[in-house]
Amino acid sequence: MSRRLYLPRGRLQLLIERLSADGYRCIGPQAHAGAIVFRPLVSVDSLPKGLGDAQSPGRYRLEPSRGERLFAWANGPAALKPFTFPARETVWRVKRDAAGRLAFGETEQDAPPLAIIGVRACDLAALALHDRHFLEGAVPNPRYRRRRERLFLVAVNCSHPAATCFCRATGDGPGAESGFDLLLDELEDGYLVSVGSERGHAVAESLTLQTASDAQIAQAAEQLAEAAAAQQRRLPSRNLRDSLFSNLEHPRWTDVAERCLACGNCTAVCPTCFCHREVDEPALDGVGSEHLREWDSCFTRDHSYIHGFVVRAETRLRYRQWLTHKLGSWHEQLGRSGCVGCGRCITWCPAGIDMTEEAARIAGGGPP
Amino acid sequence: MIDSREVSIKVPVLARVEGEGALEMSIRNGVIDQLRLRIFEPPRLFEKFLEGRSYSDVPDIVARICGICPVAYQMSAVHALEQAFSMQPGPWVREMRRLFYCGEWLQSHALHIHLLAAPDFLHYHSAIEMAKEFPQEVRRGLKLQELGNAIVRLLGARSVHPIGASVGGFVYAPAPEQAAALLGRLRRAVPEAEALVHWIAGIELPDEPEAFITVCLRHPGEYPMNEGRIVASTGLDIDIAEYPDYFREQQAPHATALHSHLYPEGVAAGGGTPYLVGPIARLNHNLDRLPAAVRVNLDQTGIRFPSNNMFHSALARAVEIHYALLESIRILERYSLPEVAAVAPTPRAGVGFGATEAPRGLLWHRFQLDHTGHVQKATIIPPTSQNQARIEEDLRRSLAMYGLDRSDDELRLHGEMVIRNYDPCISCSTHFLKLRVERA
Amino acid sequence: MNTEFPIPHEAVIVQRIEESPDIFTWRLRFTDPAVHAAYRFMPGQFNMLYLHGVGEVPISIVSDPEDDRLYDHTIRMVGRVTRAMAQLQSGDHIGVRGAYGNPWPVEQARGKDVIIATGGLGCAPVVSVINYVLRRREQYGRLVIMQGVRHSADLIWRDRYEQWARLPDTQVLLTADQSGPGWPFRTGLITRLIDEADIDAGNSVVMMCGPEGMMRAVIDDLIGRGVPEARLWLSMERNMQCGIGHCGHCQIGGQFVCKDGPVFAYPQVKELLGVKGF
Amino acid sequence: MRPKIAVHKFSSCDGCQLALLNAGEDLLALSELVEIVHFAEAGYLDDEAEVDIAFVEGSVTTPQEERRIRAIRQRSGRLITLGACATAGGLQALRNLADGEQWMADIYPHPELIAHLPTSTPIADHVPVDFEIWGCPVNTRQVTGAVRSLLSGVMPRVDQEKVCLECKRHNSVCVMVAGGQPCMGPVTNTGCGALCPSVGRGCYACFGPAENVNTASLARRFQTLGMAGAEIGHRFLHINNGAPVFNGEGRRWLEPDHD
Ligand SMILES: Cc1cc2nc3c(=O)[nH]c(=O)nc-3n(C[C@H](O)[C@H](O)[C@H](O)COP(=O)(O)OP(=O)(O)OC[C@H]3O[C@@H](n4cnc5c(N)ncnc54)[C@H](O)[C@@H]3O)c2cc1C
Ligand code: SF4
Ligand code: SF4
Ligand code: SF4
């Protein structure tokens, strides 16, 4: 890592202004509808000053926190996924003329450059996984690529992990190591700034920052170590491929299915889940039709439907598919687990199912 | 020949009445012997299944009484419940409820005029058929209808059975950008609403002045929607809680529905009489509450209110469209985000009354609640059951005047037109029922 | 074209052939000559066929890759999209993108005996490879075709089987779990045919398609006879939305049927084949 | 030949028909694509005609309606139910749980003069239904979408996933997890666009049950939010109280020992 710089909190607005001047639409975390969510950001005043988040299985509450800090929370329901892999988009359009001829057309790939401030290490890890999935196969997705290329990421190291976080266990946090343009450590009255890319470098230059003091650097390191130490949850191991697949008939699958709502919330909040389906939306007149792609989930029936047969009709099989994929077969597909330890699937499960516990029971040989 | 004719006209489905009803009439020796407006709508028993439900379920339940005026049911209910809880949600909520109601008036009136009344007046079977020759007028109507729906959606997320109303206020406050965008659309539609009033005024219609009693709300400062006292052309002027002392519904043995009558001296004194609720009643009593722009536009048509011609009811609706549009603009021009969109209710035992002006007229609710805010008893009196006796009275008179020697078809069409003036929303008649016909 | 981001190209139905009351074959051509000329596929691959305003379905290509005039799909009417497709006539237009997936191992099989084992109703994916081998008869050893159906009445293309049976070096074995009158073939499970089939375990490549339980049984039997696992190939089916390994629907464990299959070497899917829920 | 369609009304609030009457330009476009032969609210009156597609709104609550739906079935190619009333008996099916006759007597001085059935039942209890469109009310998108599918020669797409997924697609913050409000989203059929959570309130299941629902787990969750048994029961015994999975769960919680 290059030289560490320091930005007093009072000058954070300059970063937003600089990015806006460079043509980025700024996005930042804000308290909205009872959670921290990424929304368009114009002023630092909209950042969640003095707010923290209390998270536990099936529960999320914003709580006041002491001091002036703007990033004294862990995360909200959505990672970067809605920006890079939107929940719904048109992939192509078609028109049928009077003679029945079809004209297919791509949709305009209008991705405005976005600068997202307040990105977490786990979010970056998830993004790297999506990059691999959508860009490194035989057929890269050009819409994803375009959005991805136009993303400027200002990460902030986690100083206040939630009780549901376990990024230390997956090796993805709480500090970010790569994948950002700029990285901040939030201190009591300002930010340690690290540069992660050429673009980030240019932005940092233009802000004419001071050099960070040794004390500030030490303080950031200590804070990060504390954040890591604060995390209680963990997974039995980073690679559960074999231990899960050798326990496909474990009684715990039935037990969890009694609680699981099969609602798909876990997959929707998961920053790495990529399943989507395609549907046609024809205009009433039968001339035009839009072919849409939208988030799907392995918890739906249609996900595994083939004619006359549903591969995973029961919740037990759907939950098993999700967990064995996330923690198991991802290793085969993308070389690592699909879990980055953000804890969202635990917090946002309306039934409060804790996947780390389920995984421990099933793969860790614990009691059912 | 006329004298010897015996006719019985049955209209198995009354076209273009929302809900399906039927008119039966027999003419013997040149006079109407029997006349019945039969309503096929079966009882859905809402008042009963409200019992035992929490106050917070009430707005969602009463909405389902009528898909065309769900806002009205929600508004009468929340006012009654808030009265029972002795709470006042404050000026922001008050204004937004008015806006919400404006949306429903716009939507419902535009639907009535363009899909139901105008095709009648201009002799088309349907608005779709009419659109071939009056494309601009129909499209203008659809646009005003959609604007009404858009207002309801702003505050209720959808236009039929909106989800935004709650006891204490609204579930959410619309974003100012959305309010501003809608304001722009409403402003652009003002000339269209003005033109609509002139178009309706220009359609030649029967001129049948008659004496009838009108009943509606009257508010000291504004055209009535959610608040006011109940007034009648008899001089009655009462608090809404006194309604049961002056009005009563009966299941008359010959009739097909509960008929409401007004007892000007009180129910105990007897002497009940049919009465009219709805746009004509509202306009007749509240002309002085209309903004100048609405009155000037109306005056330019040359038609004067108060009116005692039931065929002016479509015009009254058009005038109320104009009013609702301007009123929505007024409210949206001052729109700002509130501190809170709703005040949290503190349930307690008691009785509350709510009376508001549904598009079709006065809608009266009474709720009795226990200390946890669960409904013990509910009474809902919709406008259509109040107009029922009046419609039959009007039919007898108007058809006789029209000439009973006309062909069956002509009589049927005329009868339908008369009924349509009341825009009877049959689904909303929590009390409407079909009796077995007793024939002498 | 296979790696370009997928948007369908317009194709015209040049001919529609009625195979049975619920099976039809389309002979297609891309309307853009350049697209048509650039189009390449191998037996076992599939296309995503698009019906205007309705949706897409994955369908195997059954014609010969060297026939560059037209390419064929044989489709069974089962549900929403395929039933509506059955209504289209020659001259009508559809959308096509592909070809996708891994083909049958026609290279590995060269010089060896080819054993085909299918179950269920008309198994389109293997028709392509049978045709491929027959056209290049001299490059392959014996051809053994084993087909099992649940009930004798389910067999389609009987004349085609009979025609194949008459070819030299070709053995056709048919069986029905249950048979009706006039059924000249075997009755019983498909594994019973293996005894009759003349299989040189050391010099055969086996290609299968059909219900997974049936494939499992055939595989177990053949492994018992000494056929190496890597010479056993199967074509799999899963729900498919994108066809290019992005949508996640067709996963079987770590494998994506659309890009790692649909034709798999047995070791690739061994662990989960026939396991309920995958 | 344009297909002929009819829209029939049974016991209902008329809200579902508004999906067509509120469709604006689409209503005019529709009238070009199909021939509307019966749709009383829009002025078309040929109740007796044979049609290709019949839309039915409302539930069956009178003997006359029982007869009428059978006759409609006979002269209709495809019969499609519109909304909660037609598909599950509607809110008014609450009477099925109570003493409907007593209710009648409480409201009407002469209930014996009113021809009615003791129950409110969905259309499918009386005749075969080809396709069901859920919602209270159904929306224009659903209805024109169904018409479009049929015009294209296919049945409409059946989507029975849960409201939650759509809620997340809209990036709404979960009102149950973040707000402690009861939400029926995890057991409710998609189709509305997850409206309620998008404005910060819990779903009350106006689109009926989704596939593969776990009502028991959700009810237990409601309990942890501090709700009493009857309140939990009422969540299920609401707009779609007649849907069997909701009915069963709801009634369980209304039993006295369940509090
Ligand atoms: C690689 C591959 C090759 C195939 N080749 C052929 C072939 O050559 N001929 C043939 O007749 N059929 C083939 N199928 C099966 C064919 O794709 C399905 O029968 C078809 O998708 C059913 O669509 P439907 O809309 O008519 O049925 P519905 O039952 O209405 O299905 C609705 C939707 O579910 C999905 N779906 C349903 N069944 C399947 C399935 N079996 N596989 C994948 N998606 C499915 C589709 O998106 C479909 O549109 C193949 C399937 C795969 C995966
Ligand atoms: S389902 Fe709901 S909106 Fe539709 S008719 Fe019934 S009550 Fe009205
Ligand atoms: S708010 Fe309701 S619908 Fe949305 S995710 Fe939460 S439980 Fe599901
Ligand atoms: S969220 Fe639920 S209650 Fe609200 S509109 Fe949708 S289905 Fe109906």
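Residues that are of a type in the set (A, V, I, L, M) and either buried (at least 24 other Cβ atoms within 10 Å of the Cβ) or under 15 Å from the mean Cα position of the chain (by Cα) (or both) within region B:303-331 comprise B:Met310, B:Ala314, B:Leu315, B:Ala316, B:Ala318, B:Val319, B:Ile321, B:Ala324, B:Leu325, listed in sequence order.
Of the helices (runs of 4 or more DSSP H) lying entirely inside region D:1-110, those carrying at least 2 residues that are closer than 29 Å to B:Ala150 by Cα are D:18-21, D:25-33, D:83-88. Being more than 14 Å from chain D (Cβ to nearest Cβ) and under 15 Å from the mean Cα position of the chain (by Cα) holds for only one residue in A:Ala99, A:Ala125, and it is A:Ala125.
When A:Ser197, A:Ser159 are screened for being touching a strand residue (DSSP E or B) at 6+ places or on another chain (Cβ under 9 Å), under 26 Å from A:Leu114 (Cα atoms) and without any contact (Cβ under 8 Å) to a residue 24 or more places away in the chain, only A:Ser197 passes.
One line per residue, one yes/no per condition, for (1) within 16 Å of ligand 4 (Cβ to nearest atom); (2) over 27 Å from D:Asn139 (Cβ atoms); (3) modelled with pLDDT of 95 or more:
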{"site": "D:Ala210", "(1), (2), (3)": "yes, no, yes"}
{"site": "D:Asn214", "(1), (2), (3)": "no, no, yes"}
{"site": "D:Ala219", "(1), (2), (3)": "no, yes, yes"}
{"site": "D:Phe222", "(1), (2), (3)": "yes, yes, yes"}
{"site": "D:Ile232", "(1), (2), (3)": "no, yes, yes"}
{"site": "D:Phe236", "(1), (2), (3)": "yes, no, yes"}
{"site": "D:Asn247", "(1), (2), (3)": "no, no, yes"}
{"site": "D:Gly250", "(1), (2), (3)": "yes, no, yes"}
{"site": "D:Glu255", "(1), (2), (3)": "no, yes, no"}
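Residue count for region D:1-26 satisfying the condition of being free of Cβ contacts under 8 Å to residues at least 40 places away in the same chain, of a type in the set (A, V, I, L, M) and either surrounded by fewer than 21 Cβ atoms within 10 Å (Cβ to Cβ) or more than 7 Å from chain B (Cβ to nearest Cβ) (or both): 1. Filtering region D:111-139 to residues that are part of a loop (DSSP other than H, G, I, E, B), more than 16 Å from ligand 2 (Cβ to nearest atom) and more than 26 Å from B:Cys69 (Cβ to Cβ) leaves D:Ala115, D:Leu117, D:Pro118, D:His126, D:Val127, D:Pro128, D:Asp130. Yes or no: region C:241-261 includes at least one residue that is more than 12 Å from chain A (Cβ to nearest Cβ) and in contact (Cβ under 8 Å) with a residue 12 or more places away in the chain. Yes - at least one qualifying residue is present in region C:241-261.
Annotation note: of D:Ala124, D:Ala178, the sole residue that is more than 13 Å from ligand 4 (Cβ to nearest atom), under 16 Å from the mean Cα position of the chain (by Cα) and of a type in the set (A, V, I, L, M) is D:Ala124. Quick check on my filter: what residues within region C:28-85 are of a type in the set (Ser, Thr, Tyr) and in contact (Cβ under 8 Å) with a residue 40 or more places away in the chain? Of everything in region C:28-85, those that are of a type in the set (Ser, Thr, Tyr) and in contact (Cβ under 8 Å) with a residue 40 or more places away in the chain turn out to be C:Thr31, C:Tyr39, C:Tyr50, C:Ser60, C:Ser63, C:Tyr71, C:Thr74. Residue check: A:Tyr319 meets all listed conditions (1) of a type outside the set (S, T, N, Q); (2) assigned to a loop (DSSP other than H, G, I, E, B); (3) crowded, with 17+ Cβ neighbours inside 10 Å but one, namely (2). May I ask you to list the residues in region C:38-53 that are away from chain A (no Cβ under 12 Å), of a type outside the set (A, V, I, L, M, F, W, C), on the phi < 0 side of the Ramachandran plot and part of a loop (DSSP other than H, G, I, E, B)? Those that are away from chain A (no Cβ under 12 Å), of a type outside the set (A, V, I, L, M, F, W, C), on the phi < 0 side of the Ramachandran plot and part of a loop (DSSP other than H, G, I, E, B): C:Tyr39, C:Arg40, C:Pro43, C:Gln45. When D:Ala205 is tested against (1) on the phi > 0 side of the Ramachandran plot; (2) away from ligand 4 (no atom under 13 Å from the Cβ), just one condition goes unmet, and that condition is (2).
Of all residues in region D:198-214, those satisfying the criterion of being buried (at least 23 other Cβ atoms within 10 Å of the Cβ) and either more than 10 Å from chain B (Cβ to nearest Cβ) or within 16 Å of ligand 1 (Cβ to nearest atom) (or both) are D:Ala205, D:Phe207, D:Gly208, D:Pro209, D:Ala210, D:Val213. Residue count for region B:148-164 under the criterion of being in contact with an Asp or Glu (Cβ under 9 Å, 6 or more places away or on another chain) and more than 10 Å from chain D (Cβ to nearest Cβ): the result is 2.
Note on region A:1-89: enclosed strands (runs of 3 or more DSSP E) holding 3 or more residues that are more than 16 Å from A:Gly118 (Cβ to Cβ) and away from chain D (no Cβ under 11 Å) are A:5-8.
Every residue in region D:135-151 that is away from ligand 3 (no atom under 16 Å from the Cβ) and within 14 Å of chain B (Cβ to nearest Cβ), please. Can you show your working first?
So the first thing to find is which residues in region D:135-151 are away from ligand 3 (no atom under 16 Å from the Cβ), and the list is D:136-151.
Result: D:Cys136, D:Pro137, D:Val138, D:Asn139, D:Thr140, D:Arg141, D:Gln142, D:Val143.
Restricting to region A:16-57, give me the number of residues that are more than 21 Å from the chain's Cα centre (by Cα) and among the small types (Gly, Ala, Ser). Number of matching residues: 6.
When you check D:Ile36 against the structure, is it at the interface with chain B (Cβ under 10 Å from one of its Cβ atoms) and either surrounded by fewer than 23 Cβ atoms within 10 Å (Cβ to Cβ) or more than 16 Å from ligand 2 (Cβ to nearest atom) (or both), yes or no? Full working, then the answer.
Working: at the interface with chain B (Cβ under 10 Å from one of its Cβ atoms): yes; either surrounded by fewer than 23 Cβ atoms within 10 Å (Cβ to Cβ) or more than 16 Å from ligand 2 (Cβ to nearest atom) (or both): yes.
Answer is yes for this residue.
Is it true that C:Val149 is away from every other protein chain (no Cβ under 14 Å), within 23 Å of C:Ala197 (Cα to Cα), of a type in the set (Val, Ile, Thr) and in a strand (DSSP E or B)? Considered against the rule, which asks whether it is away from every other protein chain (no Cβ under 14 Å), within 23 Å of C:Ala197 (Cα to Cα), of a type in the set (Val, Ile, Thr) and in a strand (DSSP E or B), C:Val149 comes out as yes. Restricting attention to region C:161-209, which residues are farther than 27 Å from C:Glu107 by Cβ and touching a Lys or Arg at 6+ places or on another chain (Cβ under 6 Å)? Correct list: C:Thr175, C:Asp177.
Within region D:152-165, the set of residues being within 11 Å of ligand 3 (Cβ to nearest atom) and in contact with a Pro (Cβ under 9 Å, 6 or more places away or on another chain) comprises D:Lys162, D:Val163, D:Cys164.
Got at least one residue in region A:148-155 being part of a helix (DSSP H, G or I) and either surrounded by fewer than 17 Cβ atoms within 10 Å (Cβ to Cβ) or within 14 Å of chain C (Cβ to nearest Cβ) (or both)? Scanning region A:148-155, I find at least one residue that is part of a helix (DSSP H, G or I) and either surrounded by fewer than 17 Cβ atoms within 10 Å (Cβ to Cβ) or within 14 Å of chain C (Cβ to nearest Cβ) (or both), so the answer is yes.
Within region D:54-95, the set of residues being over 19 Å from the mean Cα position of the chain (by Cα) and either farther than 24 Å from D:Ala146 by Cα or within 16 Å of ligand 1 (Cβ to nearest atom) (or both) comprises D:Pro63, D:Gln64, D:Arg67. The set of residues from region C:83-108 being surrounded by fewer than 19 Cβ atoms within 10 Å (Cβ to Cβ) and either acidic (Asp, Glu) or assigned to a helix (DSSP H, G or I) (or both) comprises C:Arg83, C:Asp92, C:Glu107, C:Gln108. Annotation: of all residues in region C:54-74 being within 12 Å of chain A (Cβ to nearest Cβ) and surrounded by fewer than 24 Cβ atoms within 10 Å (Cβ to Cβ), the one that is nearest to C:Ile244 (Cα to Cα) is C:Pro58. Among the residues here, D:Thr188 does not qualify as over 28 Å from A:Val256 (Cβ atoms) and within 16 Å of ligand 2 (Cβ to nearest atom). Annotation: D:Arg75 fulfils all but one of (1) surrounded by fewer than 19 Cβ atoms within 10 Å (Cβ to Cβ); (2) within 16 Å of ligand 4 (Cβ to nearest atom); the unmet one is (2).
The values are calculated or read from the model by the stated rules, or taken from the named source; none is laboratory data. Small disclaimer: the values here were computed from a predicted structure and weren't measured. No Cβ is skipped: glycine too gets one built from the backbone with ideal geometry, and neighbour counts run over all protein chains shown.
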